[in-house]
1. Counting residues that are touching a residue at least 40 places away in the same chain (Cβ under 8 Å) and open to solvent by less than 20 Å² (accessible area, probe 1.4 Å), which strands (runs of 3 or more DSSP E) fully inside the range 233-333 reach at least 2?
2. Consider residue 162 carefully, then state whether it is out of contact with any Gly (no Cβ under 6 Å at 6 or more places or on another chain), over 22 Å from residue 252 (Cβ atoms) and buried (at least 20 other Cβ atoms within 10 Å of the Cβ).
3. Kindly indicate the residue of the range 51-77 that is at pLDDT 90 or above and assigned to a loop (DSSP other than H, G, I, E, B) and also surrounded by the most Cβ atoms within 10 Å (Cβ to Cβ) among those meeting that condition.
4. Please determine whether any residue of the range 112-124 is without any contact (Cβ under 8 Å) to a residue 60 or more places away in the chain, open to solvent by less than 20 Å² (accessible area, probe 1.4 Å) and polar (S, T, N, Q).
5. For residue 48, are the conditions met, namely being open to solvent by 40 Å² or more (accessible area, probe 1.4 Å), among the basic types (Lys, Arg), modelled with pLDDT under 85 and more than 29 Å from the chain's Cα centre (by Cα)?
6. Working only within the range 210-226, note down all residues that are open to solvent by less than 70 Å² (accessible area, probe 1.4 Å) and either in a helix (DSSP H, G or I) or touching a residue at least 24 places away in the same chain (Cβ under 8 Å) (or both).
7. Are any residues in the range 26-45 part of a loop (DSSP other than H, G, I, E, B) and either of a type in the set (Gly, Ala, Ser) or open to solvent by 60 Å² or more (accessible area, probe 1.4 Å) (or both), and if so, which ones?
8. Take residue 86 and tell me if it is crowded, with 18+ Cβ neighbours inside 10 Å, at pLDDT below 95 and of a type in the set (A, V, I, L, M, F, W, C).
Amino acid sequence: MDTITIKDIARALNLSTSTVSRALRDSYEINPETKRLVIEYAERLNYRPNPIALSLKENRSRVIGVIVPQIANNFFSQTINGIEAVAYSRGYHVIIFQSHESFEREIVTVQQAVARKADGLLISLSSSTSDVGHLRELQEKKLPIVLFDRVSKELDSPSVTADNFGGAFAATEHLIQTGRRRIAHLTIPSYISITQERLAGYRAALEKYNIPFDEALVRYAGFGQDEVGPIVDDLLAQSPDAFFAASDRLALGCLDALRKRQIAIPETVSLIGFTNITVANLLSPSMSTVEQPALEIGQLAAEQLFNMIEGKQKIPQPGIIRIPTRMVIRESSQRTSVEVAG
């Protein structure tokens, strides 16, 4: 059977080839009924676009660059799954880069993506990125860029992230409702967007219940494996009755440090993380956490980028899209003597 082309579809439906091409790309310029006719006919005849011909005709590579701090992080691996699913359905390929939490590496990986003629970039900023000038320069050259998870208000770009404020508020409120009042907050570097949002949610929950904010109960950690233990020792001197960690990586460090110090969880102190790593329910005790919608963040960020690349958004819509989180309550934050609300 001969391979079907756009010309064949156009001839059969009595449409122009440009109309068929735009309909297959879901262009806003084509009315919904025409799109439906074209897509149904194309699916019926198993039409598949020729990627080489498309890239030559459209002057596009049909490749996007995705830059994440670390692929080994379960959250980022899930967002990549979401991005790749959308890219595949839209006829694009994905090149993945890691910044390894380094600003300098981030600049190099952005340059590599541009050198490979990527049609657009999806980026989650490294923990050491405070200057987004390298991305602003590319925007001025009309390269579509969408930020996800770790974003920046300094860049006039669409951004997709979890509702970090709402998730942190829910976690802190849950601890308060189970009788905790001295809630320590262990978080990542202060200038990262998600750090600021989660700290704000933590403080808002304390304020709601008239619990004074105590700066001595807040600590910032980097990404070194041996950092958490000394920080937990420092916080224990403040007599906390709960730990709210702004990431599950930090929560696991807390869990290990508290065990080594023979501090019972949740009898003496409660513990909540943020992300919902796959092993959270297998730990002893199983770990309460805030679940981030990683797959949805990746999918929506990819959709935003492809809409910019393909001109479905005549003018990019800067601003942050926040996707709701979900509290997952397990053993590490429950008190047997107090009934847990919600």
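1. Working: elements: 242-245, 270-275, 288-291, 319-323, 326-328.
Filter on the range 233-333 gives 242-245, 270-275, 288-291.
2. No: the conditions fail for residue 162.
3. The initial filter retains those residues of the range 51-77 that are at pLDDT 90 or above, namely 63-71, 75-77.
Keeping just the survivors that are assigned to a loop (DSSP other than H, G, I, E, B) gives 69-71.
Values: 69: 26, 70: 17, 71: 14.
Looking at the filtered set, the residue picked out is 69.
4. Taking every residue of the range 112-124 in turn, at least one turns out to be without any contact (Cβ under 8 Å) to a residue 60 or more places away in the chain, open to solvent by less than 20 Å² (accessible area, probe 1.4 Å) and polar (S, T, N, Q).
5. Yes; evaluated as a whole, the condition is true for this residue.
6. Residues satisfying the conditions are 211, 214, 216, 217, 218, 219, 221, 222.
7. Of everything in the range 26-45, those that are part of a loop (DSSP other than H, G, I, E, B) and either of a type in the set (Gly, Ala, Ser) or open to solvent by 60 Å² or more (accessible area, probe 1.4 Å) (or both) turn out to be 26, 27, 28, 29, 31.
8. Numbers: crowded, with 18+ Cβ neighbours inside 10 Å: yes; at pLDDT below 95: yes; of a type in the set (A, V, I, L, M, F, W, C): yes.
Answer is yes for this residue.
The values are calculated or read from the model by the stated rules, or taken from the named source; none is laboratory data. As the structure is a prediction and not an experimental result, all values here were calculated from the model. Cβ atoms come from the backbone with ideal geometry, glycine included; neighbour counts cover every protein chain shown. Heavy atoms of the whole protein, side chains included, go into the accessibility calculation; ligands, DNA and RNA do not. Shrake-Rupley method; radii C 1.70, N 1.55, O 1.52, S 1.80 Å.
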